[in-house]
Amino acid sequence: MHIPRHFRAGKKGCRKAKPGKASRRAPTQGVRVKALLGLTLSVFLTATGLAGQGMPNPAPVPVDRSNKDCLDCHSDPDLTRTNAVGRVISLFVDEARLARSVHRTNTCVSCHVGVTLQHPDDERPVGPVDCARCHAAQSETFHASVHGRALQAGRAEAATCQDCHGGHEVVPPTDAASPLHFTRQPETCGSCHDTEAADFLAGIHGKALTRGIREAPTCTDCHSEHRIETLRGAAPQYIARDVCSRCHASERINTKFRLPSDRVETFFQSYHGLAAQYGLPVAANCGSCHGYHKVLPSTDPESSIHPANLVRTCGQCHPGATEKFALSRVHVDVRGVRGGPDVGSRINWWVRRIYLVLIACTVGAMLMHNGLLFWRKLCHRLRGHPRTVLRMDRVQRWQHGLLASSFFVLAISGFALSYPDSWLAHLLGNSEPFRRWVHRWAGVVLLLTGLWHLVYISVSAEGRRLLRDLRPRARDFRDLVGMIGYLVGRRSQRPLIGRFGYTEKFEYWAVVWGTVLMGVTGLLMWFKLEVTQWLPRWVVDVALTIHFYEAILACLAIVVWHFYHVIFDPDVYPVNPAFWDGRVSAEWYREEHPLDPMCPAPSRSSEAATAAPVGASTPPAGTPSESGPVESKRA
């Protein structure tokens, strides 16, 4: 009978059984049959000439062995091998512990796919288990970690999945027997990182962990789980924002353990935090002062932030630092309550409040003075240029006012809903339902104003005339081309404009388009449950995207286009008052709209007193002279 080599004493690194121990069990009848089949297959290949013809050696054929076949040998506690770095590895498999693991339903060969019929006589070492066959996402993340990169670089001592999770006795990390249980992580990681583990256990975090406090940070809480990252050389902002703040910015943890709640906030308000946010790579981070693994409270004499050690700690970045320099506080809360922990904090508190009162009084007085001065000069300017031309009638002014008011409310409330952490959201309070309903009712006002305008241009004579004058024509395109030539210096005169030019027509039809589009998409989002009774949900999602970007386009168009023509244009600055009483000056109207049949002709006195403006055109002859208020019938 053939006896596999691993049953022979002293072969290939397998240790002999100790005296007094029972000998290993003989191979089972099934093993003998499978070995015989393998031998028969080899003889057949040789006889048919398929072997030895320069063909590459085929990979070992996996076999369907039962766990019992493998445990015939691997149930021996003394079965070991020595790895590439001289480390003795036990090949013992505890059947009882395997039955309790998360892989208890797997067979041995489902993980050890390199096992063949001839194992172990073929002397082919069984390769490492490829966990990616079942755990693809975790394995991909692991390969990007410092451990995975070390393995790819050929470092045999780098940690593998089995080094952290265990081999045959893998249990969930929530199980106290798991090497990754939070109480056992220092021991597991310390098998390779013994110095760091010792420092961690001596620090306040490690001591809390040994007391069973789950909120205490573990190795994986700071260094991540599968994508283990080295924090040496990491950006200071990342250390403070993404590592330490996980606990020290947590309201639950700070409240439960009575920790200061402002440590992360005050760090980013300090010079170190501001420098870190601006990307300074040598800016101090949390660990620069508090330490990394051996973090101790300031009352501990060994702590790097103990008063006796502050000069040495600060001197690492500030050579020549003195004791008085080190007394400055990093976590300074200038908005804190009066009576801080030291004299400097209390003085800082008073200085801040004195300056807040000083700034409010000084700037407030300046604003009041200049506001009154601005009003007086504006009134004087308006009186100096009588506004006799009616540009907008009463109905049009009311429609414009409702449109402008609802637009501003929609813009503020809409962006407050999209950016709940912005100052716009705080301006409307911390109630999301309030912001939502303000936005909806402002939308209702906008749509009702649009319906009113639609009735106005359909029923009233002035409204129909308004619509007719705002209709786009081919001349508008020629005026645009002519204006571009004038603006770039290719023409000496501006094109002559009638009642409405291409600027007003563009604005009017853009408002019509935007109102319809925003109204339809807004209603789709408001009544999404009713809409999705008939249409798929993606229609609402597309409506939301259109609504958001159309809002951005509308707001930018108002600021860049409309505000220039009615506010920032030097001819009307600081504001065109037509929105209030509908009237403009005859001089401005003759210069901007000379082709309007209702444009007033210049008086003889004004012709003699003032020269023609540069680029202005003389209005057509035969227009009525100005003898009093003239109504332009403009919208």
Between the range 115-176 and the range 375-452, the Cα center-to-center distance that results, in Å: 65 Å
Ignoring ligands, DNA and RNA, how do 521, 220 rank by accessible area with a 1.4 Å probe, largest first? 220, 521
Could you tell me the largest-minus-smallest coordinate of the C-alpha atoms of the range 73-218 on each of the three principal axes, in descending order and whole angstroms? 55, 36, 32
Expressed in angstrom and rounded, the centroid-to-centroid distance over alpha carbons for the range 547-591 and the range 487-508 is 15 Å
For the pair residue 355/residue 382, report the inter-label distance in nm, with labels modelled 7 Å from Cα in the Cβ direction. 4.0 nm
What is the set of long-range amide H partners of residue 80 at a cut-off below 5 Å, with H atoms built 1.01 Å from backbone N? 15, 91
Sites residue 302 and residue 83 - FRET efficiency at Förster radius 41 Å, r taken between beta-carbons, to 0.05: 0.60
Under the 0.36 nm per residue contour assumption, what length would be gained going from the current alpha-carbon distance of residue 538 and residue 460 to full extension? 23.9 nm
Cross-link partners of residue 294 among aspartates and glutamates (Cα-Cα below 18 Å; sequence separation of 8 or more within a chain): 187, 194, 196, 199, 215, 221, 302
When ranked by the protection proxy of mean other Cβ atoms within 10 Å per residue, highest first, what sequence do the peptides 569-579, 300-310 form? 300-310, 569-579
Quick check: with the 1.4 Å probe, what order do 324, 207 take by accessible area, largest first? 324, 207
Per residue solvent-accessible surface (Å²) - the range 95-234, probe of 1.4 Å: 59 Å²
Chain lengthening between residue 451 and residue 105 when straightened (0.36 nm per residue, less Cα-Cα): 117.6 nm
Can you order the peptides 82-88, 112-118 by their average number of other Cβ atoms within 10 Å per residue, highest first? 112-118, 82-88
Alpha-carbon spread of the range 477-553, three principal axes, descending order, Å: 61, 24, 16
Under a 1.4 Å probe, counting only protein heavy atoms, residue 349 has an accessible area in Å², nearest 10, of 40 Å²
Ordering 545-558, 284-297 by per-residue average of other C-beta atoms within 10 angstrom, highest first, gives 284-297, 545-558
Contour minus Cα-Cα span, residue 149 to residue 256, at 0.36 nm per residue, comes to 34.6 nm
Calculated FRET efficiency, residue 96 and residue 196, Cβ-Cβ r, R0 35 Å, to nearest 0.05? 0.55
For the range 190-215 and the range 258-316, compute the distance between their C-alpha centroids and round to whole Å. 20 Å
Go ahead and run the numbers for FRET between residue 575 and residue 513, Cβ-Cβ distance against an R0 of 22 Å, rounding to 0.05. 0.25
Accessible area of residue 479 in the full protein assembly, 1.4 Å probe (Å², nearest 10): 10 Å²
Using a 1.4 Å probe and counting only protein heavy atoms, arrange 258, 473, 104, 590 so the residue with the most accessible area comes first. 258, 104, 473, 590
Rounded to the nearest 10 Å², the 1.4 Å probe accessible area of residue 517 is 40 Å²
When we measure straight from the Cα of residue 68, which aspartates and glutamates land under 14 angstrom away, once same-chain ones fewer than 8 places off are left out? 76, 94, 95
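The values are calculated or read from the model by the stated rules, or taken from the named source; none is laboratory data. Remember, it's a predicted structure, so these values are computed and weren't measured experimentally. Reconstructed Cβ throughout: ideal geometry from the backbone, glycine too, with neighbour counts over all protein chains shown. For accessibility, only protein heavy atoms count, side chains too; no ligands or nucleic acids. Shrake-Rupley method; radii C 1.70, N 1.55, O 1.52, S 1.80 Å.
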